[in-house]
Amino acid sequence: MIFHVRLFARARDLGGADHAALDLPNGATVADMRRRLVALHPQLADLAGKCAVAVDAEFADDNRVLTEGAEIALLPPVSGG
């Protein structure tokens with residue numbers, strides 16, 4: 001299945017686009033998505049593990065199974081003052 005992952009902030013800058021299309025098997029998890037994203041975009045390796053992931057507008061842990069049509073967002077940590 002093809003999943004579209006929206007990239008925000010620093011992830012968008014490093015990835016060079018506002019989204020990434022990933023081909024993942026049925027039953028893939030958020031952790032699988034992170035690994036595939038880094039395999040396709042190695043420049044995200046240091047950041048991907050620090051990012052929060054939202055699936056269908058809810059924060060998801062790495063064990064969450066992705067379903068067809070899921071809306072996925074990679075949200076880097078935010079700092080500021």
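Each value in this text was obtained by applying a stated rule to the coordinates, not by laboratory testing. Predicted model, so just to flag it, every value in this text is computed and none were measured. Cβ atoms come from the backbone with ideal geometry, glycine included; neighbour counts cover every protein chain shown.
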Modelled FRET efficiency - R0 30 Å, ASP46 with GLU71, Cβ distances, 0.05 increments: 0.75
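So what's the net charge close to ASN26: Lys and Arg +1, Asp and Glu -1, counting the other residues with Cβ under 12 Å from its Cβ?
Numbers: positive: none; negative: ASP23, ASP32, GLU68.
Local net charge: -3.
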MRE, 222 nm, helices only [DSSP H, n ≥ 4, -39500 (n - 2.57), over the chain, to nearest 500]: -7000 deg cm²/dmol
Cα Rg, Dmax (largest Cα-Cα span) when computed across the range 15-59, Å: 10.6, 28
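May I ask you to compute the full-extension gain from GLU58 to ARG12, defined as 0.36 nm times their residue separation minus their alpha-carbon distance, rounded to one decimal in nm? Mind dumping the intermediate values first?
Details: separation 46, 0.36 × 46 = 16.56 nm, distance 1.99 nm.
Difference between extended and current length: 14.6 nm.
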If the convex hull is drawn through the Cα atoms of the chain, its volume per residue in Å³: 86 Å³
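Taking the Cβ of LEU75 as the centre, find all other residues whose Cβ is under 15 Å away and add up their charges (Lys, Arg: +1; Asp, Glu: -1). Don't jump to the answer; show the numbers that get you there.
Working: positive: ARG6, ARG10, ARG12, ARG34, LYS50, ARG64; negative: ASP13, ASP18, ASP56, GLU58, ASP61, ASP62, GLU71.
Taking every other residue near LEU75 into account, the sum is -1.
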